[in-house]
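See below for the structure under consideration.
Laboratory data are not the source of any read-out in this text; all were calculated from the coordinates shown. Bear in mind the structure is a predicted one, so any value in this text is a computation, not a measurement. When we count neighbours, we look across all protein chains shown, and the Cβ atoms used for this are built from the backbone with ideal geometry, even at glycine.
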Amino acid sequence: MYYKISGLQENQLLSKPETGMGYQVIEARKSGSYSTGRFLVLNSEVVIKINSYINDNVRSVVKEGIDSIKKKAGIISLNDVSVLDEDQLRMVGEPKNNNEKGAIGNHVENASGNELFVRLSAFENDRRIDKKNKCLLPGSFTTTLVDYNECRAIDDDPVERYALPNEDEIKFVFYIRPDKTDTLQRGIVQQANGKRGGGDEVYFENGTAPGTFILPLAY
């Protein structure tokens, strides 16, 4: 089952970091419930209960469109929301490669001001892109242009390479050129969501400066 949330809760989730590029996995209580459950949040707009039907529900959102889904989805109110990081998300049996860490926890560096980064999304209106200020919101992930180009050159599956929760092809690409004043952390996408990972991931804890978003293109 998928749900929509209030505009207030959408903004609250946007203020929290991502679990991976384009999604959050959260632990929360449904209003009126005493038990905590896990939910997948897409684009800080649609909440999907994590259960055996999750792949079908994610596919519906990606194929039908998030706006269409929101029109018919029931409303859910969440309490005590916490966002899981990459390590907390890892499924039982998915090993962590200590020689190739994820971006969070690695050293912080300043952007060069010239390097391009790429954000892949199933949604044209990726809410992690601040279109007004033309920048990336804090707590967001990208990959590198080099890794993205390699992914395309060898015809790799980006869903597998970047351990994305959806089973369908990526539709949109967003380019970011961080300013020299921006900071970032680099790492390797770990196995998650039943996907192998292995691509480059870059985490912008503080987002990027205004004017650093370039333009979206079809994948």
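Could you bin all the Cα-Cα distances of the stretch 109-218 into 5 Å bins starting at 0 and give me the percent of pairs in each, rounded to whole numbers?
2, 13, 23, 27, 20, 12, 3, 0
What FRET efficiency do you get for Asp155 and Glu124 if R0 is 25 Å and r is their Cβ-Cβ distance, rounded to the nearest 0.05?
Computed FRET efficiency for Asp155 and Glu124 comes out at 0.60.
Too long at a 21 Å Cα-Cα cut-off: which of Lys101/Lys195; Lys4/Lys63; Lys30/Lys171; Lys16/Lys132; Lys30/Lys72; Lys49/Lys71?
Exceeds cut-off: Lys30/Lys171.
Taking each pair of different alpha-carbon atoms in the chain once, compute 1/r for the pair, average those values, and report the inverse of that mean as the Kirkwood hydrodynamic radius in Å to one decimal.
Final number for the Kirkwood radius of the chain is 17.5 Å.
Using Stokes-Einstein with the Kirkwood hydrodynamic radius over Cα pairs, what translational diffusion coefficient do you get for the stretch 11-74 at 4 °C and a viscosity of 1.567 mPa s, in µm²/s rounded to a whole number?
After rounding, the answer is 103 µm²/s.
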